[in-house]
1. Normalised by the empirical 2.2 N^0.38 Å for globular proteins, what value does the Cα Rg of region 43-101 take?
2. Between their Cα atoms, which of LYS160/LYS181; LYS51/LYS181; LYS142/LYS181; LYS146/LYS188 are more than 25 Å away from each other?
3. Along the charge dipole of region 25-132, which of ALA37, ASN118, VAL75 sits closest to the positive end, that is, farthest toward it, with unit charges on the beta carbon of Lys, Arg, Asp and Glu (+1, +1, -1, -1)?
4. Within 10 Å of each candidate Cβ there may be at most 13 other Cβ atoms; applying that plus a DSSP loop requirement, which chymotrypsin sites (Phe, Trp or Tyr not before Pro) in region 71-175 survive?
5. Looking at the square roots a ≥ b ≥ c of the eigenvalues of the Cα gyration tensor of region 71-145, which shape do they give, rounded for a/c under 1.5, prolate if a/b is larger than b/c, or oblate?
6. Gain in length, MET52 to ASN130, computed as 0.36 nm per residue apart minus the alpha-carbon separation, to one decimal in nm?
7. Report the trypsin sites (Lys or Arg not before Pro) located in region 48-148 that are in a DSSP loop and have at most 11 other Cβ atoms inside 10 Å of their Cβ, or state none.
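Values in this text are rule-based calculations from the coordinates and carry no lab data. Keep in mind it's a predicted model, so treat the numbers as computed, not measured. Using ideal geometry, Cβ is built from the backbone for each residue, glycine included, and neighbour counts are taken over all protein chains shown.
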Amino acid sequence: MQSPPGFGPVMVLNPKTQRDTGRSAQLGNIEAARAVANIIRTTLGPRSMLKMLLDPMGGVVMTNDGNCILREVDVSHPTARSMIELSRAQDEEVGDGTTSVIILAGEMLILGEPFIRNNIHPTVIVRGYNEALQEALKICDKLARKVDVYDTTAMSELVKSSLGTKFSSRWNDIMVDMALKAVLMVAKPSEQASKPG
């Protein structure tokens, strides 16, 4: 249905809809992010715990995958939905780190809360975060080291560090070996890499 010429679209809102602005909206967004991060915080790390979820069909799912857990959570707060969307995007783009990205985003917002309460403008806070990012990237560049992809010992250590939380430790060596062989089979050698003769 079109509106009469010269008039914008008519929007019908729920009369119980709340509209927050300014400081209260910012603090509400931080609380929503904290709530989402707290849902999956215990599923991260070597002592992580599985969450038991009941799906709509009545089945039970046990998982520690952050994206899987957040897919089952029904939220209405826009910031909470954005956090869940962040987890989904991380899963689609990288395939891993869904829990970490939510906890990290939640912590960044939580750490900004005292500044908001002290009347520091959000753009100043974001500028501080950007400066911290640039400094962290410089430190990462200093700590980084080149690894020859054909050095199986160094490559095994790298793969083990990323697979450590994904599989039982008794399967680690087999999975590391399979992953290395698969990568080396499809890898295109660059000019810097020295392929063994």
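1. Working: Rg = 11.9 Å, N = 59, 2.2 N^0.38 = 10.4 Å.
With N residues counted in region 43-101, Rg over 2.2 N^0.38 Å equals 1.15.
2. Numbers: LYS160/LYS181 14 Å; LYS51/LYS181 34 Å; LYS142/LYS181 30 Å; LYS146/LYS188 17 Å.
Pairs exceeding the cut-off: LYS51/LYS181; LYS142/LYS181.
3. Checked the options; the winner is ASN118.
4. Working: sites: PHE115, TYR129, TYR150, PHE167, TRP171; in loops: TYR150, PHE167.
Within region 71-175, the qualifying chymotrypsin sites (Phe, Trp or Tyr not before Pro) (loop, at most 13 other Cβ atoms within 10 Å) are PHE167.
5. oblate
6. Details: separation 78, 0.36 × 78 = 28.08 nm, distance 3.76 nm.
The span from MET52 to ASN130 would gain 24.3 nm if fully extended.
7. Details: sites: LYS51, ARG71, ARG81, ARG88, ARG117, ARG127, LYS138, LYS142, ARG145, LYS146; in loops: ARG145, LYS146.
Hits after loop and neighbour filter: ARG145, LYS146.
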